[in-house]
Structure formats: structure tokens, C-alpha cells
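Notes for the one structure printed next.
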Amino acid sequence: MGSIEIKDLCFAYPNEDVRALNHINLTVEEGEFLVLCGKSGCGKSTLLSHLKTPLTPHGKRKGEILFNGQPLSEMSNRDQSQKIGFVLQNPDNQIVTDKVWHELAFGLESLGYSTPEIRIRVAEMASYFGIQRWFYKNVSELSGGQKQLLNLASIMAMRPELLILDEPTSQLDPIAASDFLETVKKLNRDLGITVILTEHRLEDVFPAADQVIVMDKGEILAQGAPSYIGQVLKDKNHDMFLAMPVPMQIYSEIDSDLPCPITVRDGRQWLDEICSQDGIPPAKINDGPAKNPKKFAPKKSSDGSGKEPEVLLECKDVWFRYEKDSPDVVKGLNLKIYKGEFFCLLGGNGTGKTTTLSLISRLRKPYRGKILLSGKDIRRYNSNELFRGYLGVLPQNPQSLFVKKTVELELFEMVGGPREKKNDEYHLSMEKREAVEGVAKVTHLEGLLHRHPYDLSGGEQQRLALAKILLLRPKVLLMDEPTKGLDSYFKEEFADILELLKEQGVTIFMISHDIEFCARYGDRCGLFFDGNVAACGEPAEFFAGNNFYTTAANRMARKYFPMAVTGKDVVECLMQEKSANKTVNF
């Protein structure tokens with residue numbers, strides 16, 4: 001069992017005129033793997049929350065949801081807990097105990113299972129998910145990927161018939177995300193569990209999908225097999241086509257009668273056919289760069305020498321550990337960030353990236369070494385000088401910045417707050433109001449100003465957090481996973497915002513798991529490993545040749561274009577080779 005039927009579901013949040021869900025009709029068959037996608041705020045998470053009564057938000061609702069032919073509203077919380085598993089976006093929001101083994105047993109204990117039954121199920125899940133090595137650890141010691149795997153194992157211990165996952169890999173590094181999604185596919189394949197998944201990493205989940213649903217403005221825009229969805233979005237010239245797997249995007253730019261590739265493997269076979277038809281040979285080692293690779297040229301120093309670029313931020317032999325007797329997390333870190341640069345730092349969960357950001361932002365202090373900002377030790381700045389107009393810090397969890405009841409008040413707070421409220425309107429000076437309205441427009445928050453920050457989608461919360469930091473007008477912008485939860489359409493607009501900031505002289509330091517974004521827009525990229533930067537370079541040289549920390553485009557096309565790291569690079573290389581190989585008949 002495990003089938004879901006949604007009949008004419010409509011829903012609106014309190015005090016909202018526009019529905020978050022509008023006449024949704026959907027059937028998910030038993031054992032099906034359904035991928036739900038759409039732009040941030042399209043209603044994906046709202047729809048998923050309706051599939052489990054305790055998570056359903058407050059608001060006006062009509063329509064019916066059936067689970068195995070029974071109205072969901074008539075199912076007890078116990079039955080729903082046992083039969084419908086739900087994995088949230090943030091792993092920390094779902095863990096409730098202190099030990100791994102206790103977390104695995106918690107749901108079964110709550111349902112009243114006997115001790116022998118709990119033991120055998122916990123042992124089975126620990127073995128199936130490979131948890132034996134960290135079975136007795138404190139949950140606080142786990143990486144993000146381990147926490148999310150623990151959440152999934154804890155749910156599977158209750159043997160649900162339906163598994164719902166709301167962007168479960170948004171905070172995981174590429175390798176951990178790939179491993180997690182492979183586990184979900186295995187559960188669907190081996191146990192026949194019905195899976196409903198929202199995910200931005202469509203390259204990893206499209207091949208496994210029986211059905212894909214694309215949502216837009218609370219409605220179902222398209223429904224069908226992955227290849228059909230890609231064609232529909234391309235024909236409609238819809239923004240969501242930017243979220244399709246890279247092989248599909250490359251295919252759409254090249255004239256071809258061959259079937260549309262979905263996976264990297266399909267893309268390689270398709271590229272072999274295309275290159276064979278056009279006489280394009282495989283590249284030699286280190287040959288075939290994207291013809292005009294992006295080069296970052298930091299501005300020369302103003303002392304007239306023209307030799308050294310201006311270093312704005314520098315870490316010199318920085319060491320840090322959380323406790324006196326604990327292992328070092330950051331180990332002899334040396335790093336230079338140039339003025340006006342967009343620097344991306346990648347690496348696995350638990351390698352020390354976020355700790356490094358906390359050191360640079362002075363939230364923590366190294367026990368050895370120095371961090372220099374404009375040549376001055378960061379410890380010598382007073383807090384007002386440092387955080388009002390110099391450093392802007394966007395944390396990994398945007399909710400940590402929210403302190404007001406509405407989006408509008410959150411933005412007002414950053415410019416000094418409203419003086420008073422008259423005739424249901426807050427009064428600010430014209431300059432401050434224009435600043436708030438401007439940043440709300442840039443981050444697409446205009447229609448959300450009256451909403452409570454916690455009622456926003458994950459992507460909308462990320463945009464609100466960014467808007468608050470931008471109102472500080474920082475010279476250095478420090479960001480931890482800023483593209484988490486953002487749809488591909490807004491990622492492009494986000495990149496435009498960053499480009500505008502760079503033009504205004506802002507230096508950007510970003511920690512990210514979003515390899516595609518870093519490859520396309522970063523000036524330099526670094527790989528953090530074992531407490532230090534193991535490698536650093538411009539995107540083309542940094543990503544080319546890697547197996548895991550590289551882009552789908554590079555994995556697909558490296559046989560012919562080893563230095564191409566984005567879909568755009570691959571298309572340009574193909575077009576240039578095709579043009580060079582054309583014969584002119586007189």
C-alpha cells in the first residue's frame with residue numbers, strides 16, 4: 001500500500017488573498033517514485049505538509065486527501081506516524097535525543113513497541129544504513145550527512161508505507177547528498193516504498209523518477225515522465241527549465257535528432273554520437289579548454305608599483321579547536337582574499353568550513369595565528385566598526401536572523417526601525433523607506449512583506465536573510481550556503497546581485513556545496529579538507545579532472561573538452577568545433 005490521492009485541494013495562509021495551493025489534483029500510486037519541483041514559493045513544501053496532518057499549516061483549506069482510500073483527516077496520529085514518514089529540510093530540526101542509538105529507538109518507544117521488537121528493528125536499521133561505527137556517538141558529533149541519514153533510518157525503523165522528503169540534501173555536500181539520494185532510491189527499489197521527494201539536485205533524482213510534477217504559483221504546471229517534462233518546459237520557455245539536468249540543457253542548445261539525455265551517462269553517449277557525426281576527436285591530455293575560460297584579475301595595488309594585488313582579507317597560520325583537549329578543527333590555515341573578488345570555499349560536511357567563517361567574522365577566536373582585514377588585525381576593530389558597514393555575515397540558518405513578526409519589520413530593523421505606526425502604516429524617513437523598498441524589489445520580497453518570516457518557504461527565508469544583510473551595505477560579504485533552497489531562476493538573479501555588489505567594490509567570501517553555482521560565477525574556488533585549503537584556483541583549472549568535486553557538465557564532456565566546467569562551456573566548445581569542421585562546397 002502507500003498510495004495517495006489528492007482531490008481539488010485548495011489552501012490559503014491566514015490573511016492571504018492568493019492561494020498557496022490552487023485546485024491540486026494528483027494521484028500517486030503504490031511504490032511510485034515522484035519528484036516534485038518548482039521555483040521557491042511555488043507551494044511544494046506547503047503541499048507536502050498537507051500529507052501529514054500534524055504538519056499541516058493553519059489557514060483556509062478545502063478539498064480531500066486520501067491515503068490508501070481512507071481520508072487522511074480520519075487517520076489517527078499514531079497511524080500517520082507509523083505509516084507516513086517525513087524527512088525535513090534541516091536535519092537538526094528533526095533530531096530529538098542526544099545519542100544515535102536512542103534516536104533510532106525513539107519513534108518505536110513512542111509507539112509502545114516491546115523492548116525485544118525495538119532491539120531487532122534498531123539493529124536492522126543500523127546495519128542497513130551503515131550506522132554501526134557511530135552507533136553510540138552523541139548526535140552533536142555527527143556531520144550533516146550523518147544526521148540526515150540518522151533521520152531517515154529512524155523513520156524507516158517504523159516501516160512506513162509512504163516516505164516524504166522535503167529537500168533533504170539542501171545542507172549536504174555533493175558526496176553526502178549523492179549517497180543519501182542513492183539510499184532513498186534503494187529503499188524505493190528494494191522495499192517498494194512510495195516516495196514523494198522535492199529536490200533541487202535534479203540530476204541525481206530524475207533518472208529514478210516514475211513521475212515528475214512541476215508546480216508554479218500553487219498549481220500543477222506539468223506532469224509526466226522526466227524527458228517529457230523537459231520538453232514541455234523548453235517549449236513553454238519556462239524559468240524552471242534552468243533547473244533541468246545539465247545534459248538536457250546542453251541537448252536543448254544543439255540541433256540533434258537523437259533522444260534527449262537525462263543522466264551524465266546518457267549525456268556522454270549522446271556526445272559520442274554528436275562528435276562522431278561531426279568528426280570531433282577526443283581531446284589530448286590538458287587540451288580542449290573552454291575557449292575563453294574565465295580569468296580573475298585582481299586590481300593592482302594603489303601604491304604605483306602595479307605588482308601586488310590588493311589583499312583585503314588574510315588568514316595567517318590560523319589554528320582553532322573547540323575545547324582544550326579536543327582535536328584541531330582549523331590547522332595552520334593560510335588564505336588570501338583579494339579586494340573585489342568572489343571566492344568560493346567548497347568541501348565536505350565537517351571539514352571546518354563553517355568554523356573558518358566564524359573565525360573570519362570574529363564569532364570565534366583562533367588560539368594561534370592572525371586574521372587581517374585591510375592589513376589590520378580583526379581583533380583591533382570595535383564591534384560597531386566591524387559589523388556596521390564593514391562585514392556582513394549571512395549564516396547557514398537564515399532563521400537565526402529573524403526577530404520580528406513580519407518581513408517588513410525585519411527589513412525596517414536593519415535601517416533603524418520605524419518611528420511609529422499611523423493609519424496601519426509604519427513611518428520611516430524617505431531615504432530609509434527607499435532603501436527597504438529597493439532591496440525588497442531586488443530580492444523579490446515585495447508581495448511577502450506582511451507575512452511572518454517563519455511562514456515563508458526555505459528559499460524565501462534565504463532571500464529575506466540576504467536582504468537584511470544587504471541593508472547593512474557591507475564591504476565584505478561572508479555567506480554560508482546562501483543558495484540553499486533557492487530555485488535555479490533566482491540563483492541567476494542572485495548571481496546578478498553579487499555581480500552588482502562586486503562592481504561597487506564589495507568582496508565576497510562564500511561557503512557552498514553548490515558546485516554548479518561556484519563553477520559558473522566564482523572568481524576563484526578552494527577545497528577545504530582536514531582543516532585547511534587543500535587546493536585553490538580559477539573554476540576551469542579547479543574543477544577540471546575531479547571525479548566528485550566537479551560539475552555534471554565536466555563529467556559529461558571531459559573526454560572531448562576537459563576544461564569545460566559549465567553547460568555553457570560545453571555548448572560553446574561544441575559549436576566552435578562544429579563550425580571549424582564544416583566543409584564549404586563551391
With a Förster radius of 25 Å, plug the Cβ-Cβ distance of Met575 and Asn547 into 1/(1 + (r/R0)^6) and report the FRET value to the nearest 0.05.
-> 0.40
Work out the FRET efficiency for Arg368 and Ser114 from their Cβ-Cβ distance, taking R0 = 51 Å, and round it to the nearest 0.05.
-> 0.40
Any chance you could run the full-extension gain for Asn237 through Asp190? It's 0.36 nm times the residue separation minus the Cα-Cα distance, nm to one decimal.
-> 13.2 nm
So how do Trp101, Trp270 rank on accessible area, 1.4 Å probe, biggest first, that is with the largest at the start?
-> Trp101, Trp270
Measuring from a point 7 Å past the Cα of Phe135 along Cα-to-C-beta, which residues in the stretch 92-120 have an amide N at less than 14 Å?
-> 100-105, 118-120
Between the stretch 459-502 and the stretch 526-568, how many Å separate their Cα centres?
-> 24 Å
Pairs to check: Lys217/Lys475; Lys336/Lys365; Lys370/Lys491; Lys491/Lys568; Lys353/Lys441. Give those whose C-alpha atoms are more than 24 Å from each other in this structure.
-> Lys217/Lys475; Lys370/Lys491; Lys353/Lys441
Glu516 accessible area, assembled protein chains, probe 1.4 Å, Å² = 70 Å²
Provide the net charge surrounding Leu470, with neighbours chosen by a C-beta distance below 12 Å and charges set as Lys +1, Arg +1, Asp -1, Glu -1.
-> +4
Out of (1) 29; (2) 39; (3) 16, which label holds the value of percent of Cα pairs over 47 Å apart that was computed here?
-> (3)
For the chain, dividing by residue count, accessible area per residue (probe 1.4 Å) in Å² works out to 47 Å²
Over the stretch 372-511, calculate the relative contact order: mean separation of alpha carbon pairs under 8 Å at least 6 apart, over the residue count, as a percent.
-> 33 percent
Take His200, His58, His23 and sort them by solvent-accessible surface of the protein heavy atoms, 1.4 Å probe, largest at the top.
-> His58, His23, His200
Local charge sum around Phe387 (other residues, Cβ-Cβ under 13 Å, Lys/Arg +1, Asp/Glu -1)?
-> +4
Points 7 angstrom from Cα along the Cβ direction at Ser429 and Glu74: gap in nanometres?
-> 6.4 nm
Please give the solvent-accessible surface of Asp272 in Å², to the nearest 10, using a probe radius of 1.4 Å with every protein chain present.
-> 60 Å²
So how far, in whole Å, is the C-alpha centre of the stretch 313-343 from the one of the stretch 94-120?
-> 39 Å
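The values are calculated or read from the model by the stated rules, or taken from the named source; none is laboratory data. Computed from a prediction, not measured in an experiment: that's the story for all the values here. Note that we place each Cβ from the backbone using ideal geometry, even for glycine, and neighbour counts take in every protein chain shown. Surface accessibility is based on the protein's heavy atoms, side chains included, excluding ligands, DNA and RNA. Shrake-Rupley method; radii C 1.70, N 1.55, O 1.52, S 1.80 Å.
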